[in-house]
Amino acid sequence: MTREEKFMLEAIRIAEEGVRNGDGGPFGCIVVKGDEIVGRGNNRVLADNDPTSHAEVVAIRDACANLNSYQLEDCEIYASCEPCPMCLGAIYWARPKVLYYAGTKDDAAKSGFDDSLIYDEIVLPKEKRKIPFLKIDLIEASSPFKEWDNKEDKKEY
């Protein structure tokens, strides 16, 4: 068994444990730095009453807290299943060096976790989406960006 397979089995074990505990869907994730697990997460949507408590997000938050960093550049992420669009975004923001996954989005869809609506909506013009995206034009909208641009001690990321 390879090193990667051993880590993936841990992500799968975490997913199964979360299901047994009633935390949420059948998803688990770990973050590895070197040969050490630095972050763990299972889907906690039901336990936390939070639609963003997906395994990857929970594991990324755990790893970042443990490493005292907002990025995971030297880390690997092992997800028991191919990430949904939200988790994919979180993974890109975290900047790991690689993502490994076991199950596919088709496997997830067969168990009722179908993300195709989100993938379909992303490419639509805002006015054609199922949830209206309505812009409110205010001159103040640029104020936070100006605040950021003028901040002398900002940390770029």
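The values are calculated or read from the model by the stated rules, or taken from the named source; none is laboratory data. Just so it is clear, the structure is predicted and the values come from calculations on it, not from any experiment. When we count neighbours, we look across all protein chains shown, and the Cβ atoms used for this are built from the backbone with ideal geometry, even at glycine. These area figures cover heavy atoms from the full protein model, side chains too; ligands, DNA and RNA do not enter into them. Shrake-Rupley method; radii C 1.70, N 1.55, O 1.52, S 1.80 Å.
Using only alpha carbon pairs under 8 Å that are at least six residues apart, calculate the relative contact order of the chain and give it in whole percent. Averaging sequence separation for qualifying contacts and normalising by length gives 16 percent for the chain.
Computed from phi, the 3J(HN,Hα) profile of the range 31-47 under the Karplus parametrisation 6.51, -1.76, 1.60 (θ = phi - 60°) reads 10, 10, 10, x, 10, 10, 6, 10, x, 9, x, 10, 4, 10, 4, 6, 5 Hz, with x in place of Gly and Pro.
With R₀ set to 41 Å, the beta-carbon distance separating S143 from E17 gives a calculated FRET efficiency near 0.35.
The 3J(HN,Hα) values that the Karplus relation (6.51, -1.76, 1.60; θ = phi - 60°) gives for the range 148-157 are, in residue order, 5, 4, 8, 6, 6, 9, 5, 10, 5, 8 Hz. Gly and Pro appear as x.
Model label sites at A65 and M1, defined 7 Å from Cα along the beta-carbon direction, differ in position by 2.8 nm. The order of F27, F133 by accessible area, most exposed first and with a 1.4 Å probe, is F133, F27. Accessible surface ranking for L134, L67, 1.4 angstrom probe, highest first: L134, L67. With Cα atoms as the point set, the radius of gyration and Dmax of the range 40-119 evaluate to 12.5, 38 Å.
With every protein chain in place and a 1.4 angstrom probe, the accessible-area ranking of C29, C64, largest first, reads C64, C29.
Out of Y78, V57, Y100, whose Cα points farthest toward the positive end of the dipole of the range 41-133 (charges: +1 Lys, Arg; -1 Asp, Glu; placed on Cβ)? In the range 41-133, that residue is V57. Note on the range 12-157: with charges restricted to the Cβ of Lys and Arg (+1) and Asp and Glu (-1), its dipole about the Cα centre is near 180 debye. A cut-off of 5 Å between modelled amide H atoms, ignoring neighbours fewer than 5 places along the same chain, links V38 with V31, V32, K33.
Suppose we flag GluC sites (Glu not before Pro) only when DSSP calls them loop and at most 13 other Cβ atoms lie within 10 Å. Which is the longest uninterrupted stretch of the chain? Looking at the chain, 74-151 is the longest stretch - no exposed GluC sites (Glu not before Pro) with at most 13 other Cβ atoms within 10 Å. Rounded to whole numbers, the Karplus 3J(HN,Hα) couplings from phi for the range 95-106 are 6, x, 7, 6, 10, 10, 9, 10, x, 9, 5, 5 Hz, using 6.51 cos²θ - 1.76 cosθ + 1.60 with θ = phi - 60°, and x at Gly and Pro. Rounded to the nearest 20, the Cβ-based charge dipole of the range 1-87 about its Cα centre (Lys and Arg +1, Asp and Glu -1) stands at 180 debye. Near C81, the amide H atoms lying under 5 Å from its own belong to G28, A102, G103; only residues 5 or more places off or on other chains count, and H is placed 1.01 Å from N.
Between L72 and R95, the built amide H atoms are under 5 Å apart, and every one of these is 5 or more places off in sequence or on another chain. When both the range 23-89 and the range 126-153 are represented by their alpha-carbon centers, they are found 28 Å apart.
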